[in-house]
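Notes follow once the structure below has been shown.
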Amino acid sequence: MANLAELKGMIEAALPGASVEISDETGAGDHLRATVSAPQFEGLSRIDQHRLVKAAAKERFDDGTIHALSVKTSVPS
Amino acid sequence: MPGMADPELKSKVEELIGANPVLLFMKGTPDMPRCGFSMRVVQVLDQVDVEYGAIDVLPALQPLREVTAEISDWQTFPQLYVNGELIGGADIVEEMFESGELAEALGVEQPAVAQVPQDGPPAQSPPLQIE
C-alpha cells in the first residue's frame, strides 16, 4: 500500500516549492492521483512535466507499491 | 528491477514508431482494451477520428517496458506516439484533446464536441501485432 503522505513528501523533495496533492483513486492505495503545480514545470512539455513527477515516485513504482499514478500538472500563475 | 532492453525488440519498436504517424502502445486491443487508461486513449482517438496503429503490450509487457524506457524514458502504458514522438499517456492525451492540441498535433479538425467520454463506441481501426 502506498503511503500518500510519503509520496507527497517525495515529490516535494524533488520539486522544491511545488504544491502537491495526492489522492487515492480506488481506496486500495495502488492507483493514485498526483496534482502538482511547480515552478520547475515552466517551459516544459506536458510529458516532461509528468516525467519529473514520475521520477520523484520512481522507488515506489520499482518496488510495486504504486501500480498506477495519474498525474495532472500545472505551472503556478 | 528493469534490465537491458532486447536489441531486436527495440529495433522492431523503433521501426513501428517510424512507420506509423499515429501509434498507440496499449494493454489489449482497440476492440477490447484491458485497462481503463488504455480505454480512455482509444476513446479519445475515436472522437478525433484518425487512423492509428495499435500494439498490444500484454504479450511482452516487461520487455516492452525496458524498450520504451530506453527509447522514451517512459515505462508505463498506454503510450501514444505521434510522428515519432511520445505524446504521453491517458492523462496527457485527454488534456490535449480537450484543449484542441491533440487535433492540431494530428493534423485533423477538432471535433465539434470535444468531451472526454464516459462511455465510448468501440474503435474501428485494426490492431497491429508484434510477432
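Of note:
- Close Cβ contacts (under 7 Å, 6 or more residues apart or on different chains) running from residues in the range B:91-106 that are at negative phi to residues that are among the hydroxyl-bearing types (Ser, Thr, Tyr) comprise B:ASP91/A:SER70.
- Any hit, the range A:39-53, residues being modelled with pLDDT of 90 or more, farther than 15 Å from B:GLY88 by Cβ, more than 14 Å from every other protein chain (Cβ to nearest Cβ) and within 10 Å of the chain's Cα centre (by Cα): no
- Taking the criterion of being part of a helix (DSSP H, G or I) and basic (Lys, Arg), the residues of the range B:15-71 that qualify are B:ARG40, B:ARG65.
- Exactly one residue out of B:GLU85, B:GLU66, B:GLU95, B:GLU70 is facing chain A (nearest Cβ under 10 Å), touching a Lys or Arg at 6+ places or on another chain (Cβ under 9 Å) and not hydrophobic (A, V, I, L, M, F, W, C), and it is B:GLU95.
- Scanning the range B:10-21 for residues that are crowded, with 16+ Cβ neighbours inside 10 Å and more than 14 Å from the chain's Cα centre (by Cα) yields one hit, B:LYS10.
- Tabulated pairs, the range B:51-64, first loosely packed, with under 15 Cβ neighbours inside 10 Å, second β-branched (Val, Ile, Thr) and modelled with pLDDT of 95 or more, C-beta under 7 angstrom, 6+ apart or interchain: B:GLU51/B:VAL22
- Here B:LEU86 passes the criteria (1) among the hydrophobic types (A, V, I, L, M, F, W, C); (2) assigned to a helix (DSSP H, G or I); (3) under 24 Å from A:ALA57 (Cα atoms) except the one numbered (2).
- Answer residue from the range B:70-90, given it is aromatic (Phe, Trp, Tyr) and without any contact (Cβ under 8 Å) to a residue 60 or more places away in the chain and is surrounded by the most Cβ atoms within 10 Å (Cβ to Cβ) among those: B:PHE77
- Count of the range A:21-69 residues which are in contact (Cβ under 8 Å) with a residue 40 or more places away in the chain, in contact with a Leu (Cβ under 8 Å, 6 or more places away or on another chain) and closer than 15 Å to A:ASN3 by Cβ: 4
- Restricting attention to the range A:42-69, the residues being farther than 16 Å from A:MET10 by Cβ and in contact with an Asp or Glu (Cβ under 8 Å, 6 or more places away or on another chain) number 3.
The values are calculated or read from the model by the stated rules, or taken from the named source; none is laboratory data. Being a predicted model, the structure only gives us computed values, none of them experimental. Note: ideal-geometry Cβ built from the backbone for every residue, glycine included; neighbour counts use all protein chains shown.
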